[in-house]
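Below you'll find the structure, written out as structure tokens, and then a few comments.
The values are calculated or read from the model by the stated rules, or taken from the named source; none is laboratory data. Predicted model, so just to flag it, every value in this text is computed and none were measured. Neighbour counts are summed over all protein chains in view; Cβ atoms, including those assigned to glycine, are modelled from backbone coordinates with ideal geometry.
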Amino acid sequence: MPPSTYREVRLAARPGRDLGPEHFEIAEVPLRAPAAGEVLVRNLVLRIGAATRTLMADAHGLPMASYEPGRPLRGSALGEVVAAPGTSLSPGDLVRHDFGWQQYATLPAANVRRIDPARWPDPAACLSQGFAGWLAVDRVARIRCGDTVLVTGAAGGVGCVAAQFARLRGAGRLVGTTGSRRKAGFLLRELGVDAVLVRGEGPMEEQLRAAAPEGIDVLVDTVGGEQFQSALALARRRARLVVVGALSGQAAGGTRSHVALDTLALCSRGITVSGLSATDHRASAERWEEEFSAGLREGTLTFPHVRLSGIDQAPGALLDLLAGRHLGTVLVEPT
Ligand SMILES: NC(=O)c1ccc[n+]([C@@H]2O[C@H](COP(=O)([O-])OP(=O)(O)OC[C@H]3O[C@@H](n4cnc5c(N)ncnc54)[C@H](OP(=O)(O)O)[C@@H]3O)[C@@H](O)[C@H]2O)c1
């Protein structure tokens with residue numbers, strides 16, 4: 001029997017530049033029984049992501065609606081169907097949806113996606129945001145054998161997956177960036193990265209020049225700012241620079257990321273800069289899930305993540321993620 005109430009995390013007030021615990025509120029709310037065509041889901045795992053910070057602003061460039069003060073936050077979640085009258089879903093089915101940050105959700109069945117538990121060694125891996133990293137590597141940059149590849153934010157949820165696919169697709173030299181020595185060690189030991197540039201340990205361009213003296217062929221960029229600029233400086237002829245995110249601005253509460261572009265360098269070296277939005281590639285989502293889940297089953301890919309327990313941990317998990325204290329995807333079990 002589901003409880004009569006559950007807890008959800010709300011945006012208490014829009015933050016300015018500094019986000020703190022005071023911007024979150026945990027509220028107890030009545031559980032609503034599903035009408036015909038709706039599904040009641042008990043959330044098992046929520047994903048915490050950097051985009052949540054950006055969506056707290058009332059004006060931003062992301063293709064999603066802003067969060068509203070006094071309303072629950074949203075985000076990807078994996079849950080178990082409790083009841084789904086008048087639908088093809090059954091109690092116990094695993095589903096993915098976007099009503100995270102709460103213990104239960106009642107939503108239209110059309111807004112959930114059934115997850116096949118046999119496909120995933122750990123079904124929580126279906127929450128990986130690696131889709132964007134895979135798209136960057138496979139569909140946009142089209143990495144070729146021997147390419148020198150730079151993945152910025154390589155220890156993040158997108159970056160960890162992009163780095164692994166770059167290696168699988170034959171990157172000759174693979175360079176990553178991160179914010180700490182601890183994460184650098186992980187990238188070198190566990191993900192097969194050849195060299196790591198550490199934020200705060202000297203100018204990025206100098207570090208990149210030392211790590212890739214011949215320059216780079218591909219950039220998968222989740223950070224922007226100085227890191228994008230350094231990649232452009234070291235881009236070889238016909239380099240493909242793919243912009244996936246702008247963590248350097250987002251982590252500090254910004255909603256814009258500006259860099260100066262030397263357009264003469266772009267045309268003289270035939271460099272391509274592509275912005276990528278995963279929402280434009282929904283038709284490839286099934287193919288991504290097939291490849292990612294098969295790689296996890298076969299052991300050719302991993303899903304680096306941390307998993308915390310308790311919905312009251314969710315606000316702190318976001319603050320810690322933005323401060324660079326976590327590695328890989330950040331998950332919370334909202335028990
Ligand atoms: N285009 C799309 O369709 C799409 C889809 C999904 C996600 N995204 C975007 O992709 C980006 C990466 O997402 P994610 O989920 O992988 O991020 P994430 O891991 O959740 O991001 C947190 C990481 O950002 C890094 N960071 C914090 N402050 C930073 C700073 N000042 N400069 C550089 N890095 C900083 C930290 O890593 P280190 O300590 O290792 O530096 C931290 O662990 C985000 O911008 C997200 O919005 C885009």
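Being under 21 Å from the mean Cα position of the chain (by Cα) and in the same structural domain as R142 (by TED's automatic domain parsing) is not true of A212. Considering only residues in the range 10-25 that are of a type in the set (K, R) and either within 16 Å of the ligand (Cβ to nearest atom) or in a loop (DSSP other than H, G, I, E, B) (or both), the one that is surrounded by the fewest Cβ atoms within 10 Å (Cβ to Cβ) turns out to be R17. Scanning the range 135-170 for residues being buried (at least 23 other Cβ atoms within 10 Å of the Cβ) and within 16 Å of the ligand (Cβ to nearest atom) gives a total of 21.
The residues of the range 26-57 that are closer than 21 Å to R307 by Cα and either touching a Leu at 6+ places or on another chain (Cβ under 8 Å) or part of a loop (DSSP other than H, G, I, E, B) (or both), listed by number, are V41, N43, L44, V45, L46, R47, I48, G49, A50, A51, T52, R53. Checked against (1) part of a loop (DSSP other than H, G, I, E, B); (2) surrounded by 21 or more Cβ atoms within 10 Å (Cβ to Cβ), A105 passes all but a single condition, namely (1).
Counted as qualifying within the range 217-335 are the helices (runs of 4 or more DSSP H) with 1 or more residues that are within 11 Å of the ligand (Cβ to nearest atom) and free of Cβ contacts under 8 Å to residues at least 12 places away in the same chain, namely 314-322. Total residues in the range 61-102 satisfying the condition of being in a strand (DSSP E or B) and not polar (S, T, N, Q): the figure is 14.
For the range 52-64, the criterion of a residue being more than 16 Å from the ligand (Cβ to nearest atom) and surrounded by 21 or more Cβ atoms within 10 Å (Cβ to Cβ) is satisfied by no position. Can you confirm whether S309 is modelled with pLDDT of 95 or more and surrounded by 15 or more Cβ atoms within 10 Å (Cβ to Cβ)? When the stated conditions are applied, S309 does not pass them.
Of the set (1) within 21 Å of P203 (Cβ to Cβ); (2) charged (D, E, K, R); (3) out of contact with any Leu (no Cβ under 8 Å at 6 or more places or on another chain), all apply to E298 but (1).
Residues of the range 113-131 include none that is over 20 Å from L321 (Cα atoms) and surrounded by 24 or more Cβ atoms within 10 Å (Cβ to Cβ). Evaluation of S274 against the conditions (1) crowded, with 24+ Cβ neighbours inside 10 Å; (2) modelled with pLDDT of 95 or more shows that the sole unmet condition is (1).
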